[in-house]
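Trainee: My questions all concern the structure below.
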Amino acid sequence: MRFLLVLASMLWQPPSETGDFLPNDLVELVQLDPTIKLDIRYATANNFLGKPVYSEARAFLQRPAAEALVRAHRKLKAEGYGILVHDGYRPWAVTKLFWDATPEDKKVFVANPARGSRHNRGCAADITLYNLKTGQAVEMTGGYDEMTERSYPDYTGGTAEARRLRGLLRESMEAEGYMVYEYEWWHFDYKDWRRYRISDVPFSAIR
């Protein structure tokens, strides 16, 4: 898979953008707060592709977005929960792979590489909650990267507790300047995502 990503970076190029953008300031979330948990699915085979596409299990966001997520995480501790991160910044070549591998009727769940992803800008986080007492991820109305209606943030099925926790996560993130994506309860976009350029920098190049 690493070979495929290298090949992709040679053959594919992110869309060109004009205008004034803020400089990249990607920071690693666990460096800001080590109590944030990680479950970086794309560094494993436990994802919708069934194979790893990241060589490192790390999560980054632009600094203001990262600091906002940390604030939400710390406030959630009063409720007995913390944030578990599945993904943050995503190189553009990975978005292209996702798009090409996803059937047409499921493409609302992946970003069009022709426009780039908010993940590519370092301003989108795929997250859930974990229980502080058990350290385990909570049950939500649907699974991460599940391409069904159970992933919709307004899905009315599932248990009352799962819907409560989904709402708690959403409220906590929205209070810090994030917006939930209309098709994925776990995907949150930071308010200033338009101010950052699409990036294709690999994790290994971020220090």
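Trainee: Select from region 139-184 the residues that are touching a Leu at 6+ places or on another chain (Cβ under 8 Å), crowded, with 18+ Cβ neighbours inside 10 Å and in a loop (DSSP other than H, G, I, E, B) and list them in ascending order. Working first, answer last.
Mentor: As a first pass, look at region 139-184 and keep what is touching a Leu at 6+ places or on another chain (Cβ under 8 Å): 139-140, 165, 168-169, 172-173, 176, 178.
Then keep just the ones that are crowded, with 18+ Cβ neighbours inside 10 Å; that gives 140, 165, 169, 172-173, 176, 178.
Within region 139-184, Met140, Glu176 meet the criteria.
Trainee: Ok, one more. Go through region 72-87 residue by residue and tally those that are among the hydrophobic types (A, V, I, L, M, F, W, C), outside any strand (DSSP E or B) and touching a residue at least 12 places away in the same chain (Cβ under 8 Å). Don't jump to the end; show me each part of the working.
Mentor: In the first step, residues of region 72-87 are kept if they are among the hydrophobic types (A, V, I, L, M, F, W, C); the result is 72, 76, 78, 83-85.
From what is left, the residues that are outside any strand (DSSP E or B) are 72, 76, 78.
Checking the rest, the ones that are also touching a residue at least 12 places away in the same chain (Cβ under 8 Å) come to 72, 76.
Residues in region 72-87 being among the hydrophobic types (A, V, I, L, M, F, W, C), outside any strand (DSSP E or B) and touching a residue at least 12 places away in the same chain (Cβ under 8 Å): 2 in total.
Trainee: Taking only region 60-71 into account, find how many residues are basic (Lys, Arg) and not in a helix (DSSP H, G or I). Quick ask: steps written out before the conclusion?
Mentor: First, pick out the residues of region 60-71 that are basic (Lys, Arg): 63, 71.
Checking which are not in a helix (DSSP H, G or I) leaves us with none.
Qualifying residue count for the region: 0.
Trainee: Taking Lys107 and the conditions (1) assigned to a helix (DSSP H, G or I); (2) touching a strand residue (DSSP E or B) at 6+ places or on another chain (Cβ under 9 Å), which numbered condition does it fall short on, given that it satisfies the others?
Mentor: The single condition Lys107 does not satisfy is (2).
Trainee: Right, next: Of everything in region 86-117, what is within 10 Å of the chain's Cα centre (by Cα) and surrounded by 23 or more Cβ atoms within 10 Å (Cβ to Cβ)? Give them in sequence order.
Mentor: Asp87, Gly88, Tyr89, Arg90
Trainee: Sticking with this structure for a sec: Among the residues of region 30-48, what is the count of those that are closer than 20 Å to Ser151 by Cα, out of contact with any helix residue (DSSP H, G or I) (no Cβ under 8 Å at 6 or more places or on another chain) and in a helix (DSSP H, G or I)?
Mentor: Final tally of qualifying residues: 1.
Trainee: Go through region 195-207 and give me each residue that's touching a Lys or Arg at 6+ places or on another chain (Cβ under 8 Å) and not in a loop (DSSP other than H, G, I, E, B).
Mentor: Those that are touching a Lys or Arg at 6+ places or on another chain (Cβ under 8 Å) and not in a loop (DSSP other than H, G, I, E, B): Tyr196, Phe203.
The numbers here are math on the coordinates, done by the rules we state, and not lab data. Here the structure is a predicted model, which means the values were calculated and not measured. Cβ: placed from backbone, ideal geometry, glycine included. Neighbour counts: every protein chain shown.
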